[in-house]
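J.: Attaching a single structure in C-alpha cells format; questions to follow.
The values are calculated or read from the model by the stated rules, or taken from the named source; none is laboratory data. Bear in mind the structure is a predicted one, so any value in this text is a computation, not a measurement. Neighbour counts are summed over all protein chains in view; Cβ atoms, including those assigned to glycine, are modelled from backbone coordinates with ideal geometry. The area values use the complete protein model at the heavy-atom level, side chains included, leaving out ligands, DNA and RNA. Shrake-Rupley method; radii C 1.70, N 1.55, O 1.52, S 1.80 Å.
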Amino acid sequence: MKNSKKTVRGILVGALALAMGITVLFAGAGKSYAAGEAGLNKKSFNVLTRRTFDLDVKNAPKDAVVTWKSSNPAVAVVDEDGVVTGITKGETKIICEVTVEGKTQKLTATAKVRKPAVKIEIINKIDELKYGKDYDLNRALTPSKSNDVTTWTSSDESVATVDKNGVVYGEGNGTVTITATTMSGKTDSVEITVYGAPEPTKAPDATPAPGSEDKPKPTQAPKPTQAPKPSTGSVYTENFEKGQGKFSGHGGASVSIKKSASAADGTQFLQVSGRSSNWQGVGVEVNGILKLGGTYKLTAYVKQTAGDGENIKATLRKNGGEYSGVGAVATAKNEWTEISGEFTVADDTTDLLLYFEADTLIDFMVDKFSITEVKAGTKLIVEPVDLSKAVVLNVADLQKGGYDYTSEEAGGAVKVAWSKQYAEAQFKMPQKMKIGDFQEIIMTMSTTDLVGIKLLDSANMSSAITFWWSKGSADMADISLSYSKTGYGENEPVSEDLMNKEFDYIGIMAQNGACEALLKSITLVPKQ
C-alpha cells in the first residue's frame, strides 16, 4: 500500500489529465509497458542513522507492483513505500523491483549511512589571508568515528571562496565568514580578513584647460631598501616515482608502491594496507631533514576507496612518545584530497616521526608529499651518520625504549637492570641504516649474565630482523656481532635479502632471567 504522499500525487496527476481531456494509458488499459522506463529519483544518497530518506519511482505505470529491499538491513532498512531508515554507519544497496504484465525491472540506489556528529570544530582557524592565496582550514568531528558530511560556505564569495574540503581562497579585500555545517546540523565558523588585493584602476585625470600649468610636485625621497627575507622553500618532497623514499610502515602496516594514471603526481603512489589499529599507517623520520626551532608546512594528497567521509590524519610522534596532530581531512571515495598543516620543531626534540593514519581500519593511499620551511631553524634534529667511516655511538646519548627494565647513567655509560627473562632494552639509532652497509657491529659492554642482541625496524618492532644469542661477559669488552654467526646456534649467516633490510633500533634481551649490564658504546664498522 502506498503512502499518503504518493497517493495524493497519483490523484493530482489523474485529475490534471481529465481536466485537459488527455487519455492516460497504463499497462492495464492497452499500453504495452517497455522494460527500462522506470527509474529512481536518486542513484546514491546520504542518510543519517535514525533518520529517513524517501526514494521515489519515476515513470512507473499506476498498476505496477513495486517491491523494496535492502542488501544489508543491518546498515539501513526500507519500507514498502521506499522510505529508507539509517541503522548504523556503512553502505548498502536499496533494491527496487517494478513488475508490470509479468515483466520486472530492477532498480538500485546506494545508501550511505552517516554517523551524526555531536560537534564540528574548524581546527586550523586564521584571522587573515592574503589575496590570491589559499589555506586549508580543516575540521574535526566529535565523535572521531563520525562520518557526517560537511558542507563549507562563504558569506561573501567576492571576498573569499571555499571548496568542499575546507580550502579557502582569497578573492578580494574584505572580511568574510566561512562556515562548516554537518548534515546533522552542527556548525562552526571563522571570520577571516582578506588583504592585499590590487586597488581598482582610477579614471584618468581630466585634461587641464589650455594655458593652465600644473605646479611641479616635489621629488620624493626614495624609500629605504628592505632587507631581503630569509629564503624558504621545500626541504623534502616525495612523489614515489622512484620508490618509497624515506617512508616505511608505521606500527605493522604494510606499504607498497602502486602505479596508476590517476596518481596525484606522476604515475606512482604509496599504498597503505594491513592495518589492525587506527594509529597504524605510514611514516617518515625527519631527524636528518628538519631543524630545531624551525616551523614547517606539510602538504600531501591522500585517497581511499572505502566510502565518503573517511577521516585521514597527519600526526607527529616526538621523542618516541609525545603525539600531536598536524592536520586532518575528511575524504570522498576515490578522490585525491589535499591534507596540510603547520608545525614547529621544539628545541628539546631528539627524534621526530611524521606519519599518516585513519580513524577507521581502511586501506589508503599517499602521494605528492612535501615539507616546506616557513621559518628557519638552528640545527638538524640529528646530524646524518657518515656511513663511509666507522661510527661510534655513545649509548648514553641514544633514545631508549623496551619493557621490563630500568636504566640510569653511570659515568658516561648506561646501567641497565632487567627484571626477568626476555625483558628487553631498546636503543634507537640516529637514522635508519641498511644492514649491508656494515661488515661488523661491536657492542662495548659488561653483563652479569648472558644476553641476546637484536636488530629491529621501528616499522615492526615485534619481529627481529636478525639476532645474536649467548653474548656478554663480566668485564667491559668488545662483543663482535658477526653476520656469519647469528641465530640460536650462531651458525645462521645473514641472507642477501636481510642485507638489504634497514634497522633503526638495537635491542638487548635478558637471556635467562634477571640480570644487569653496563653499556658503553656501539660501533658500526662500514663495509670495505
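J.: What pairs from LYS297/LYS428; LYS103/LYS145; LYS93/LYS297 go past 32 Å between their alpha carbons?
T.: Beyond 32 Å: LYS103/LYS145; LYS93/LYS297.
J.: Let me see the pair-distance distribution of the range 55-207: every alpha carbon pair, 10 Å bin width, integer percents in order.
T.: The distribution over the range 55-207 is 10, 26, 19, 17, 15, 8, 3, 1, 0, given as percents.
J.: Per residue, what accessible area does the chain have, given a 1.4 Å probe and all protein chains present, in Å²?
T.: I get 52 Å² per residue for the chain.
J.: So what's the gap between the Cα centers of the range 271-345 and the range 457-528, to the nearest angstrom?
T.: 32 Å
J.: Given +1 on the Cβ of Lys and Arg, -1 on the Cβ of Asp and Glu, and no further charges, what dipole in debye does the range 297-398 carry about its Cα centre, rounded to the nearest 20?
T.: 160 debye
J.: Hey, what's the Cα Rg ratio for the range 320-431 versus the globular rule of thumb, 2.2 N^0.38 Å?
T.: Values: Rg = 19.2 Å, N = 112, 2.2 N^0.38 = 13.2 Å.
This ratio for the range 320-431 stands at 1.45.
J.: In whole percent, and with a 1.4 Å probe on the protein chains, what portion of the accessible area of the chain is carbon and sulfur?
T.: 50 percent
J.: Under 5 Å between amide H atoms, partner at least 5 residues away or on a different chain: which partners does HIS250 have, H built in plane at 1.01 Å?
T.: Placed amide hydrogens put GLY281, VAL282, GLY283 under 5 Å from HIS250.
J.: Farthest toward the dipole's positive end in the chain, which of GLY411, VAL84, SER480, given Cβ charges of +1 (Lys, Arg) and -1 (Asp, Glu) about the Cα centre?
T.: VAL84
J.: Against the longest principal axis of the chain, how steep is helix 4-19, in degrees 0 to 90 to the nearest 10, with axes from Cα atoms?
T.: 40 degrees
J.: Okay, next question. Place a +1 charge on the Cβ of each Lys and Arg in the chain and a -1 charge on the Cβ of each Asp and Glu, then give the dipole magnitude about the Cα centre in debye, rounded to the nearest 20.
T.: On the way: 60 positive and 64 negative charges, 357 e Å.
It works out to roughly 1720 debye.
J.: Residue-wise, which Karplus ³J(HN,Hα) couplings in Hz belong to the range 300-309, taking 6.51 cos²θ - 1.76 cosθ + 1.60, θ = phi - 60°, and x for glycine or proline?
T.: 7, 10, 10, 8, 8, 10, 7, x, 5, x
J.: Just the accessible area for TRP279, please: 1.4 Å probe, Å², rounded to the nearest 10?
T.: 110 Å²
J.: Using each residue's phi in the range 326-333, evaluate 6.51 cos²θ - 1.76 cosθ + 1.60 at θ = phi - 60° and report the 3J(HN,Hα) Karplus result to the nearest Hz, with x for Gly and Pro.
T.: Once rounded to whole Hz, the list reads 9, x, 8, 8, 8, 9, 8, 4.
J.: If you don't mind, there's one more thing I want to ask. Within the set LYS43/LYS333; LYS313/LYS434; LYS43/LYS303, which residue pairs have Cα atoms separated by over 26 Å?
T.: Where the Cα-Cα span goes over 26 Å, the pairs concerned are LYS313/LYS434.
J.: Can you compute 3J(HN,Hα) from phi for each residue in the range 244-257, using the Karplus curve 6.51 cos²θ - 1.76 cosθ + 1.60 with θ = phi - 60°, rounded to whole Hz and x for Gly and Pro?
T.: 6, x, 8, 7, 8, x, 10, x, x, 5, 9, 10, 8, 8
J.: Return the calculated 222 nm mean residue ellipticity for the chain, to the nearest 500 deg cm²/dmol, obtained by summing -39500 (n - 2.57) across DSSP H runs with n ≥ 4 and dividing by the residue count.
T.: Calculated at 222 nm, the ellipticity per residue is -1000 deg cm²/dmol.
J.: Follow-up. Whole angstrom only: what separates the Cα centroid of the range 51-96 from the Cα centroid of the range 391-426?
T.: Measuring centre to centre over Cα atoms gives 62 Å.
J.: Taking amide H positions as placed 1.01 Å from N in the peptide plane, with prolines and chain starts having none, which residues 5 or more places from GLY402, or on another chain, fall under 5 Å of its amide H?
T.: GLN426
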